[in-house]
Each structure stands twice: as structure tokens, then as C-alpha cells.
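Heads up, the thing below is written out as C-alpha cells.
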Amino acid sequence: MSNIVAQVREKVAQGQRISDDDALQLFKSDDLFGIGQLAAEVNRKKNGDQVLFNVNRHLNYTNFCVNQCKFCAFCHQAGEAGGYTYNLSEILNKAAVANAAGATELHMVGGLHPELPFEFYLRMMATIKANNPQMKIKAFTAVEIDYFAKISELPVEEVISELKRLGLDSTPGGGAEILGAEVRNQICPEKISGERWLEVTEKIHNGGLKSNATMLYGHVEKYADRVDHMSRLRTLQDKTGGFQAFIPLAFQPDNTRIPDAKGPDGIDSLKTLAISRIYLDNFQHIKAYWVMLGLKIAQVALAFGVNDLDGTVVEEKIGHDAGADSPQELDKSEILRQIRKAGKVPVERNTHYEQVKVYTAEDSDGQND
Amino acid sequence: MVRMTSHDQFAAIQSKVEAGQALCREEALFLLTKADLLQLGQLADEQRKVRHPSGQVSFVVDRNVNYSNVCNCKCRFCAFYCDEGDESAYLLEYDEIFAKVQELVEHGGTQLLMQGGVHPTLTIEWFEELFRQLGQRFPTVQIHSLSPAEIIQIAQLSSLTVKQCLQRLQAAGLKSIPGGGAEVLVDEVRKAISPNKIGWRQWADVMEQAHELGMQTTATMMFGSCETDEQIVEHLFRVREIQQRSGGFTAFISWSFQPDNTDLGGETATGCDYLRVLALSRLVLDNIENIQASWVTQGAELAQVALRFGANDLGGTMLEENVVAAAGVSFRMTQQQLIEVARGAGFTPVRRTTGYDVLEIY
């Protein structure tokens with residue numbers, strides 16, 4: 001074991017929080033196994049052998065976006081070929097298909113559409129909920145919430161309470177990218193600042209909704225930027241306790257506009273997940289998002305402190321437009337197999353991280369139950 | 001009798017490995033099925049360091065040329081083969097092969113990995129003439145070609161013993177033999193997945209005879225179809241035993257069955273499965289110098305992780321690959337990407353020959 005891992009292990013054993021510098025040293029260390037084993041121990045204490053997944057469906061309602069972030073291969077400017085916006089009946093159809101397929105969650109994010117009024121989103125929320133009352137709706141990043149406040153000229157608090165009243169159950173953690181201004185100016189200069197993202201997220205939490213927190217890594221950022229990012233999240237979590245999962249997103253370079261950025265390699269991804277588990281002592285869940293990591297690395301990450309394998313997904317567009325070569329969806333049976341083959345116990349969860357079902361070794365995917 | 005805990009059992013195995021003692025089958029099975037993945041990986045990583053203290057990770061610039069897809073074997077895991085009369089059946093002309101090798105040379109390539117189907121009619125003269133002409137035209141390219149199943153087919157069609165066949169091919173320019181077609185070296189598995197292919201003893205026999213003639217070879221394993229954990233272990237020990245007798249294996253390469261478009265179908269091995277098999281191969285095969293990571297079947301990210309789970313080599317750049325691609329997996333890597341993968345894992349990338357001599361350090 002390397003010195004830095006030994007030091008951090010000692011702190012963790014004494015229940016001390018590790019410092020930003022500790023995290024930075026871990027990133028610089030090549031002690032892959034020491035870091036992984038410590039993360040696995042920390043995770044075992046928190047979550048035992050259980051690995052969570054959910055049965056969800058993604059719905060990217062539009063790819064038009066007034067922002068043109070350089071890391072994004074999904075966005076289209078108004079009038080650009082390839083742009084689309086689903087109308088309400090298309091959205092309802094997709095939601096109905098998801099519901100019929102047993103999805104317990106609809107994961108809905110889109111671009112910042114240049115013309116749609118806030119009323120469109122309210123109507124979308126209300127009609128999806130009315131037609132699928134038992135399906136949870138996880139929708140709208142802090143970036144979208146901020147945008148809705150601008151176009152409606154309402155306070156953020158009111159935007160959140162209106163959406164919540166009509167059916168919003170939680171929010172995803174997107175748009176965080178790297179919170180530090182220097183990196184943000186390079187990769188997404190038009191997007192709200194890191195400070196604003198945190199401010200809106202705090203209001204989301206205070207409004208009674210949980211959210212996740214993401215981190216887009218493997219482009220122009222340095223290790224110190226990742227640590228700074230996690231530090232801000234840890235601070236906000238101390239304040240609100242509103243984050244459910246931390247989700248590092250592996251940058252996918254295809255069709256994007258960041259020169260020379262290649263995306264993280266496999267070892268970097270495993271280390272990043274493991275270090276986040278050790279550093280973010282106030283987060284219960286660390287998620288390996290297989291759409292971006294690939295299924296193989298996401299599964300191996302379960303040995304590096306990860307306890308959440310995301311969901312069945314279905315029809316993901318954002319990562320795939322940027323060249324992710326993972327499948328478009330996973331069967332529940334395949335998720336169960338991946339988790340079991342990693343020596344863990346699969347547990348289906350809902351949007352609120354409540355247990356839906358613990359799968360014993362004998363359980364099939366439940367479709368014949 | 002006191003039952004050892006999993007922790008004690010691992011510790012006992014670890015001390016054996018660290019003392020340089022060979023593992024037994026039971027210990028290998030424990031490592032494959034019960035050991036903690038990271039402990040297993042770390043132990044394999046340490047043994048890789050002992051054997052390759054330089055911290056170099058090697059690769060070869062090569063090209064696969066599949067001279068024909070016509071094959072008698074019709075293995076159930078294969079999505080590449082054709083019958084002779086099929087519309088998509090082909091046999092490359094010499095000139096087509098030369099054009100492909102010319103491209104390889106232009107890319108700085110040094111290894112030609114030529115394999116076909118097990119062709120129903122091609123006799124030794126076709127190969128002898130091809131190898132002679134290749135040698136004259138491309139003296140810097142090593143002919144690393146023809147797996148044991150093909151060697152046996154050529155010998156039979158040409159009424160030669162395996163030894164005579166190998167000697168003639170060697171005289172014509174065949175320098176070394178790839179370890180393909182090993183699948184799982186247990187006949188029960190072979191009957192299920194490749195019933196028309198040579199048995200494990202014939203595979204071993206070709207390899208041992210080649211080694212005796214001074215030809216180096218590699219050994220492979222395709223796992224994840226229908227074999228048991230015990231059969232994976234048996235495969236590794238059989239390879240180890242062949243190596244003890246004849247000593248000509250330069251490298252061991254495991255890859256996982258890819259089910260798309262195959263008769264067998266089903267699932268592919270997971271990332272954890274692959275890393276376990278890979279790490280175990282480093283520990284069991286203490287008499288084989290090089291363990292390859294298979295980016296062709298696992299992708300660049302997991303292949304990189306494999307470099308910390310016992311592998312020290314990234315195989316070839318594979319200017320052309322058809323067989324795995326036919327089964328639905330088409331990872332592609334350039335030489336520069338291989339270099340970056342090795343560097344990203346903290347290693348010094350080196351370009352090597354087929355015989356593992358270093359040609360260039362990056």
C-alpha cells in the first residue's frame with residue numbers, strides 16, 4: 001500500500017473526513033488496488049453487498065438548445081438540420097410505452113429550447129403524471145430549471161413548486177459538468193455558472209425535491225478541478241442533504257468541439273469512482289453510468305466502491321450522439337447478471353432510492369412473476 | 001478439520017505464489033471463483049512486475065489476413081465461416097494477399113497473421129508457394145500463420161505427417177504459429193461448441209512438434225461459451241504442462257466468446273469474468289513470459305485495466321480483423337491509441353517483434 005492510501009485509510013478508520021489535498025494525492029497515485037480496496041470497504045460499510053438499479057426510460061424531449069456547449073454532440077441551433085422537438089402526444093406515447101414496459105421512472109432532460117414557453121413544460125408534466133400516476137418523473141437539470149425561471153420571469157422557487165405540484169418527483173444531476181469557472185469558460189461558456197448551478201440545486205433541495213450530482217470528466221480539466229468540484233458538492237450536501245447519488249460522467253469525444261480531448265481511459269474512470277466514494281463521505285450512493293462507461297468498466301467499478309448501476313435506460317441520445325458504443329438499453333435480466341457476476345446482490349430501487357425488490361440468487365428477471 | 005476461511009485460503013495461496021511455487025488446480029479454482037477480484041488482480045499485477053520489472057508494455061504492428069472463409073469445422077461459436085458454394089464464400093488470390101501485406105509494410109508492420117477457415121481442398125503446395133513469394137517480396141514481415149487445425153487439415157489433404165507438414169511449411173518461410181483454435185482444451189467442451197474441429201490432444205501435438213522444430217507459438221483460450229470454471233482451470237493447466245514439455249509458447253491470450261451471429265448465441269463474459277480469467281492465467285502460467293490483453297474483444301478501456309491485472313502486452317494493432325467483427329464486436333485501435341493506453345496505465349509502450357524483441361521504445 002502506498003503512503004497516501006495508508007494515510008487516508010487511517011483517517012477513514014477514525015471517521016475523519018479526508019481533505020481536498022488527500023483526494024488530489026489519491027488522483028496522482030498509481031496505487032489502483034489500494035484506492036479500490038479502500039473504496040470497496042467504505043462502500044461495504046454503507047451499502048453491504050447490495051447493488052442498486054432501476055427500471056427507467058430516458059426521454060430527451062428536444063435537442064434544440066440555446067447553449068452550444070463544446071462537449072455536447074446532442075445540441076442543435078434553431079433551424080439546424082437534425083433538430084427535433086417531440087410534441088405532447090409523442091411524449092405521452094413514449095411515456096405510455098415506458099409505463100407498459102414496467103418502468104418505474106421516466107428520466108427526462110432536454111436542451112434549452114429557444115421558443116417553447118414554460119406552460120409547455122407544465123402541461124407536459126401534468127399530462128404525463130395524469131396518464132401514468134404510478135411512474136415517477138425525474139426531470140430537468142438545474143440548468144433547465146434556471147432557464148424556465150428566465151423564460152417565465154418567475155422566481156426559481158416558484159418554478160420548482162409549480163413543477164412539483166404537477167408531478168415532478170426528483171431532478172437529475174446534469175449540467176454540473178465541472179463547477180470551476182476556468183474549465184466552464186472553456187467547455188460551456190454560455191451555460192449557467194457553477195455557483196448558479198449550486199444555488200438552483202440548493203433551491204431544488206429546499207423545495208422538497210431530491211437530486212443527483214454529476215461530474216463530466218476526462219476533457220480539459222485537471223485533477224484539482226475534479227477535487228474542487230467534489231468539494232463544492234460535499235459542502236452543499238452538508239447543508240441540504242438533498243443529493244442522492246454522485247454520478248461521474250466519462251466524457252465522450254465524438255462529434256464534440258473540444259480539440260484534443262479524448263475522454264478518460266479505463267483506469268482513470270475506476271480511480272475517479274473510487275476516490276469519489278472515499279471523499280464524498282456524505283453521499284450514500286455512487287453510480288456507474290454504464291451508458292458512458294461501457295458495461296464492462298461499469299461492472300468492474302462495482303469492485304471499486306460503486307453501489308448503483310443506473311437503469312435499463314432505453315433510448316438514450318446524449319451520450320450516444322457523442323460516440324458512446326454501449327447498447328441503447330439493457331434488459332433487466334442482463335443487469336441482474338452483471339451485478340451477480342460481480343459477486344453482488346441486485347436490488348431494484350425506485351426514484352427515491354427505496355427498495356422495490358431484492359433479487360435472491362434464484363430470482364429471474366421477474367417478468368414471469 | 002478446521003475449515004479455512006476465504007481470507008486464510010487466499011493468504012496461503014499468496015505465500016505460495018510469492019515463494020515461486022506452482023499452484024494446483026484447486027487453488028486456481030478458488031482464485032477464479034471465490035477470491036476477491038482486487039486481491040486476485042493485485043497478486044497477478046505483482047507477478048507481472050516480477051517478470052517484467054522494466055514496466056514496459058509491448059505491442060506488435062500486424063495484420064490479420066483471412067485467406068479464405070470456407071471452413072469444414074462450422075464451429076457453433078463462429079460467425080465467420082462459409083460453405084464452399086455460398087455466395088459470400090471467398091478464397092483470396094496471391095495478388096490480393098500481397099496487396100494487403102504491402103499495406104502492412106507501409107504501416108511499418110512486422111507480423112502477418114494469416115488464418116483461414118479449415119479449407120476443404122487447399123494442399124500444402126498452395127501455402128508453400130505463397131510463403132516463398134511472401135518471403136521474397138516482404139523480407140521484413142514475419143509469417144506468423146496457420147493455427148493447428150489448419151496445419152492438420154493441410155497435412156491430411158497432402159498425405160503428410162504433422163511433422164513433415166510443419167517442416168515443409170517452415171522451409172517455405174513459416175516462422176511461427178498463432179495459438180488459435182484452442183478454444184477450451186477439454187474435449188467435452190469442444191464437442192459442444194466445435195464438434196468438427198481437432199481434439200485438444202491434436203492441438204497440443206501440433207504445438208509441441210512445432211516447438212521441437214524451433215518454431216515459437218502462442219496459446220489462446222476462448223472462454224465464456226458453455227464451459228465450467230473447472231474446465232477453464234483445466235485448460236490453463238494443460239497449456240502449462242505443454243509448456244513444461246516443449247517450452248515454445250511466447251504468450252498466452254484469453255478472449256471471451258462473442259455471441260452475435262453465431263449458432264451458439266447467448267451471453268458474453270462480463271468485465272469481471274474477463275479480469276478474473278486474465279489474472280488467473282498470469283498466476284497459473286508461471287512458465288509463460290507474456291500475457292496479452294485482448295482489446296479486440298474487451299475494448300480499449302478494459303484492456304487497459306487488464307494491464308494492471310497481469311497482462312504485459314496489447315497484442316497487435318490489427319490493421320485488419322474479420323473474425324471477431326463478424327460476431328458483432330468491432331473495436332478499433334490505432335498504434336497511437338495503443339501507446340496512449342499503455343502510458344495512461346503508467347507503463348512505457350514498446351513496439352516489438354513477433355518473438356518479443358523490442359524494436360522501438362516510446
Given Cβ point charges of +1 (Lys, Arg) and -1 (Asp, Glu) and nothing else, what value in debye, to the nearest 20, does the dipole of the range B:25-361 about its Cα centre take?
800
Among B:331-339, A:66-74, how do they line up from the highest to the lowest mean number of other beta-carbon atoms within 10 Å?
A:66-74, B:331-339
Taking only the alpha carbons of the range B:1-60, the radius of gyration and the largest Cα-Cα distance, Dmax, both in angstrom, are 13.4, 52
Compute all pairwise cysteine Cβ distances in chain B, then list the cysteines with no distance under 4.7 Å to another cysteine.
B:24, B:71, B:73, B:82, B:165, B:226, B:272
Helix B:229-246: inclination vs chain B longest Cα principal axis, degrees, rounded to 10, gives 70
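Classify the range B:1-102 as rounded, prolate or oblate from the Cα gyration tensor: take a ≥ b ≥ c as the square roots of its eigenvalues, call it rounded if a/c is under 1.5, otherwise prolate when a/b beats b/c and oblate if not.
Oblate is the answer for the range B:1-102, as a/c is 1.5 or above yet b/c matches or exceeds a/b.
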Which pairs, out of A:164/A:271; A:46/A:191; A:45/A:239; A:332/B:49; A:28/A:262, put more than 30 Å between their alpha-carbon atoms?
A:164/A:271; A:46/A:191; A:332/B:49
Taking the number of other C-beta atoms within 10 Å as the exposure measure, put B:200, B:295, B:126 in order starting with the fewest.
B:126, B:200, B:295
With Rg from the Cα atoms and Rh as the Kirkwood inverse mean 1/r over Cα pairs, the range B:46-174 has an Rg/Rh of 1.04
Per the Debye formula with a single identical scatterer at each Cα and no solvent contribution, what log10 I(q)/I(0) holds for the range A:122-164 at q = 0.20, 0.28 Å⁻¹?
-0.64, -1.01
Compute the semi-axes of the equivalent ellipsoid of the range A:111-222, taking the square root of 5 times each eigenvalue of the Cα gyration tensor, and list them largest first in whole Å.
26, 15, 13
Only Cα pairs within less than 10 Å get springs; with that Gaussian network setup on chain A, which residue of A:259, A:346, A:189 has the largest fluctuation?
A:259
Two decimals, Cα atoms only, Kirkwood Rh: what is Rg/Rh over the range B:112-164?
0.97
Furthest towards positive pole of dipole, A:128, A:312, A:188, structure part chain A, Cβ charges:
A:312
Considering every residue in A:341-348, what mean count of other chain Cβ atoms within 10 Å of its Cβ is obtained?
2
Computed over the Cα atoms of the range B:165-281, what is the convex hull's projected area averaged over all directions, in nm²?
7.7
Estimated D of the protein assembly as shown in µm² per second, where Rh is the Kirkwood radius over Cα pairs and Stokes-Einstein applies at 37 °C, 0.692 mPa s
119
Given the range A:291-338, report the % of alpha carbon pairs whose separation exceeds 18 Å.
26
So residue A:356 and residue A:90, fully extended at 0.36 nm per residue minus their Cα-Cα distance, gain in nm 92.9 nm
Taking the Cα centroid of the range B:226-292 and of the range B:27-81, what is the distance between the two, rounded to the nearest whole Å?
6
Distance in nm between pseudo-label sites at residue A:152 and residue B:161 (7 Å out along the Cβ direction from Cα):
8.8
Under unit Cβ charges (Lys, Arg +1; Asp, Glu -1), what dipole magnitude, rounded to 20 debye, does the range B:257-362 have relative to its Cα centre?
340
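Taking the Cα centre of the range A:19-358 as origin and charging only Cβ (+1 Lys, Arg; -1 Asp, Glu), how large is the dipole, in debye to the nearest 20?
Dipole about the Cα centre, nearest 20: 940 debye.
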Relative packing of A:13-24, B:128-139, which averages over residues the other C-beta atoms within 10 Å, highest first
B:128-139, A:13-24
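Please average, across the residues of B:33-44, the number of beta carbons from any other chain that are within 10 Å of each residue's own beta carbon, and give a whole number.
Mean partner-chain Cβ count within 10 Å for B:33-44: 3.
Ranking request for peptides B:272-281, B:348-357: highest mean number of other beta-carbon atoms within 10 Å first, then the rest in descending order.
Highest mean packing first, the order is B:272-281, B:348-357.
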Considering only B:197, B:16, B:49, give the residue with the highest GNM mean-square fluctuation for chain B, with springs between Cα atoms whenever their separation is below 10 Å.
B:16
Of the residues B:167, B:196, B:244, the Cα lying farthest along the dipole of chain B towards its positive end, which is defined by charges on the beta carbon of Lys, Arg, Asp and Glu, belongs to B:244
Which whole number gives the average, over all residues in A:261-267, of C-beta atoms from other chains lying within 10 Å of the residue C-beta?
6
Give me Rg over Rh for the range B:25-361, both radii from the alpha carbons and Rh done the Kirkwood way, two decimal places.
0.94
Return one number: the angle in degrees, 0 to 90 and rounded to the nearest 10, between the long axis of the Cα atoms of helix B:271-284 and the longest principal axis of the Cα atoms of chain B.
90
Residue farthest toward the positive end of the dipole of the protein assembly as shown, with Cβ of Lys/Arg at +1 and Asp/Glu at -1: which of A:323, A:148, A:15?
A:15
Given q = 0.11 Å⁻¹, what are the Debye log10 I(q)/I(0) values for the range A:7-111, with equal point scatterers placed on the Cα positions and solvent ignored?
-0.69
Working from Cα positions, state the angle (0 to 90°, nearest 10) between the long axis of helix B:162-172 and the longest principal axis of chain B.
70
Longest to shortest principal axis, alpha-carbon extents of chain A, angstrom:
57, 52, 37
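Every number in this text was worked out from the coordinates using simple rules, so none of it is lab data. These numbers were taken from a predicted model, which means no experiment stands behind them. Here the Cβ is made from the backbone with ideal geometry for all residues, glycine too, and neighbour counts use every protein chain on show.
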